[in-house]
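Each remark here refers to the structure printed beneath this line.
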Amino acid sequence: MARTDARTLPLDEISTAALAQRALLYRLVDPADPEALRAYSTAEARGFLGEEPTDDEAREFGESIGYRRRIGVYDEAGLDPQVPVATVNSWVGELSVPGDRVTPFWAISGVTVSPARRRRGIARAMLEGELRTARDAGVAVAGLTVSEATIYGRFGFAPAVEATTWDIDTRRAGWRGGDVPGSFDYVRREEAVALLEDLHERVRVTRPGDVDGWTGRWRQFAMIAGGSKEPGRTRVVRYADAEGVVRGAVVYRLTEDPADMARHTLDITYLVADGDEAYRALWGFVLRHDLVSRVRASLRSVDEPLPWLLADRRGAHVSVHDHEWLRILDVPGALAGRGYAAAGTHVIAVSDPLGFAEGTWMLEIGTDGEARVTPTDATPQVSMPVASLAALYLGGVHAATLRSAGQLTGEDDAVRALSRAFSGDTAPALGIWY
Ligand SMILES: CC(C)(COP(=O)(O)OP(=O)(O)OC[C@H]1O[C@@H](n2cnc3c(N)ncnc32)[C@H](O)[C@@H]1OP(=O)(O)O)[C@@H](O)C(=O)NCCC(=O)NCCS
């Protein structure tokens, strides 16, 4: 099925009116207007406290997200009315879901409101506009990666993918992963983009929570995007198996300890492995790197095999945080879009203050793991707010855990059955920001 081009969709009328009441203009950014794109990039950089882009960087950024729908909110009474006071961009991407499949989802990014216009309801108008537009376009799920965990719950989003950050003392942690046959080679940074794109495409479907990438993301990783700082400190190494087939790559940066050359820090930007051997090979490569005593990595999974490869797992400090948040917009569409681990019938009541997912739903799962979802008048076995359904969607948390936290209700048997059905083979994970 052809994916909806978000750029062709009209602006949400309710949000247009809500912002007009505050004398603000809600407008699609014209992709053919370089000045508008430059102003948009400047506003986004300001919102994320980054460096304001040069003209070349703004143009490159504009091109790299040219496939997205960009919206600016403008204050014509402001000092510089060309620069939006708020930004958001969105597109229909592919979200990997349990059952080794992907489902279309409404990806949202670049949500910023100028610190000079904060807390006047601008983000609310933009976010609700995004959700209505996605729903009207027939997209069942929306998602974003978040700067703060406090913002999106109020709109019905919930953390569906958690991520781990690793700080490994390599000398203490040691290695018990053995040697994997195959070879490593440095890759020129300019050639890393195609390599990362290809590997990511190969593996993303197997991990719920992953999404399709875009060239600009890989250019940033390879430090060849405009504005890249100290690009020469980044290395790209690929791994090929014993048959010579490229199975993985790691992008990393090295920082010297001025007091001791044998104590470099190696920061992994991205490590992608197509298969278990590649995973062991690449981690073995970074953890046994000469002149390196510390390896750090972020956006790794919560069920990373890594501890099982370390001689002393206490040599690794791991912290967990929420990363990707989802919002269910269409219950039948979303639930029928994934596969399930156990057959059964579940009657689920969902409450949704914004109305999109409100109702009681019959989820019938066959022995093949496929689901049929219909509205029903039957008495619900399990009840939950829409955010809890998003938290369950990729199998990142058990229904029983949410019930313990007071975020879902139901009898023991029904909740246990739901936990079993929604469980995935692996924890959801997402190794990039979008
Ligand atoms: C987060 C941000 C977009 C909010 O914009 P805003 O226009 O000030 O938000 P609104 O006025 O529409 O607020 C809507 C609600 O969210 C709350 N809220 C907004 N930002 C919040 C934050 N950072 N933490 C907690 N609550 C927040 C508001 O208090 C308000 O609550 P209410 O519905 O109970 O009244 C803005 O502060 C920003 O640009 N931050 C920096 C960039 C960023 O982190 N963007 C998010 C990227 S994922």
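The values are calculated or read from the model by the stated rules, or taken from the named source; none is laboratory data. None of the values given here were measured: they were computed from a predicted structure. Counting neighbours? That spans all protein chains shown, and the Cβs are built from the backbone with ideal geometry, glycine included.
It is to be established whether one or more residues within region 214-224 are in contact with a helix residue (DSSP H, G or I) (Cβ under 7 Å, 6 or more places away or on another chain) and among the basic types (Lys, Arg). Yes, region 214-224 contains at least one residue that is in contact with a helix residue (DSSP H, G or I) (Cβ under 7 Å, 6 or more places away or on another chain) and among the basic types (Lys, Arg).
Identify, please: which residue in region 147-192 is surrounded by fewer than 19 Cβ atoms within 10 Å (Cβ to Cβ), within 16 Å of the ligand (Cβ to nearest atom) and not hydrophobic (A, V, I, L, M, F, W, C) and is, among those, farthest from Tyr434 (Cα to Cα)? It comes out as Arg154.
Quick test for you: out of Ala58, Ala43, pick the one residue that is more than 16 Å from the ligand (Cβ to nearest atom), aliphatic (A, V, I, L, M) and within 24 Å of the chain's Cα centre (by Cα). Show your work before the answer.
Working: Ala43 fails: more than 16 Å from the ligand (Cβ to nearest atom).
After applying the criteria, what remains is Ala58.
When the residues of region 118-138 are filtered to those that are within 7 Å of the ligand (Cβ to nearest atom) and surrounded by fewer than 17 Cβ atoms within 10 Å (Cβ to Cβ), the one that is nearest to Thr42 (Cα to Cα) is Arg118. Return yes or no: is Leu271 assigned by TED's automatic domain parsing to the domain that holds Arg204 and either closer than 22 Å to Pro208 by Cα or surrounded by fewer than 21 Cβ atoms within 10 Å (Cβ to Cβ) (or both)? Against the criterion (assigned by TED's automatic domain parsing to the domain that holds Arg204 and either closer than 22 Å to Pro208 by Cα or surrounded by fewer than 21 Cβ atoms within 10 Å (Cβ to Cβ) (or both)), Leu271 qualifies.
Mind listing whichever residues of region 286-315 are small (Gly, Ala, Ser), surrounded by fewer than 22 Cβ atoms within 10 Å (Cβ to Cβ) and under 19 Å from Asp267 (Cα atoms)? Within region 286-315, Ser293, Ser298, Ser301, Gly315 qualify.
Residues that are in contact with a helix residue (DSSP H, G or I) (Cβ under 8 Å, 6 or more places away or on another chain), in the same structural domain as Thr16 (by TED's automatic domain parsing), closer than 15 Å to Ala387 by Cα and within 15 Å of the ligand (Cβ to nearest atom): does region 98-110 have at least one? Please lay out each step first, then the result.
Just the residues of region 98-110 that are in contact with a helix residue (DSSP H, G or I) (Cβ under 8 Å, 6 or more places away or on another chain), to begin with: 98, 100-103, 106, 108, 110.
Retained after the next criterion (residues that are in the same structural domain as Thr16 (by TED's automatic domain parsing)): 98, 100-103, 106, 108, 110.
In the following step, the residues that additionally are closer than 15 Å to Ala387 by Cα were identified as none.
No, the conditions are met nowhere in region 98-110.
Of Arg176, Arg189, Arg172, Arg204, which residue is within 19 Å of Arg280 (Cα to Cα), in contact (Cβ under 8 Å) with a residue 24 or more places away in the chain and in contact with a strand residue (DSSP E or B) (Cβ under 7 Å, 6 or more places away or on another chain)? Quick ask: steps written out before the conclusion?
Details: Arg176 fails: in contact with a strand residue (DSSP E or B) (Cβ under 7 Å, 6 or more places away or on another chain); Arg189 fails: within 19 Å of Arg280 (Cα to Cα); Arg172 fails: in contact with a strand residue (DSSP E or B) (Cβ under 7 Å, 6 or more places away or on another chain).
Matching residue, one of Arg176, Arg189, Arg172, Arg204: Arg204.
For Gly359, the conditions (1) surrounded by fewer than 17 Cβ atoms within 10 Å (Cβ to Cβ); (2) within 19 Å of Val139 (Cβ to Cβ); (3) within 27 Å of the chain's Cα centre (by Cα) are fulfilled apart from (3). As for region 62-85, it holds at least one residue that is in contact (Cβ under 8 Å) with a residue 24 or more places away in the chain, in contact with a Lys or Arg (Cβ under 6 Å, 6 or more places away or on another chain) and more than 15 Å from the ligand (Cβ to nearest atom).
When Ser319 is tested against (1) within 24 Å of the chain's Cα centre (by Cα); (2) at positive phi, just one condition goes unmet, and that condition is (2). The set of residues in region 314-365 being in a loop (DSSP other than H, G, I, E, B), over 30 Å from Glu304 (Cβ atoms) and of a type in the set (Phe, Trp, Tyr) consists of Phe356 alone. Need pairs with beta-carbon distance below 6 Å; first residue at positive phi and within region 377-398, second crowded, with 23+ Cβ neighbours inside 10 Å and in a helix (DSSP H, G or I); sequence gap 6+ or separate chains. What qualifies is Gly395/Phe422.
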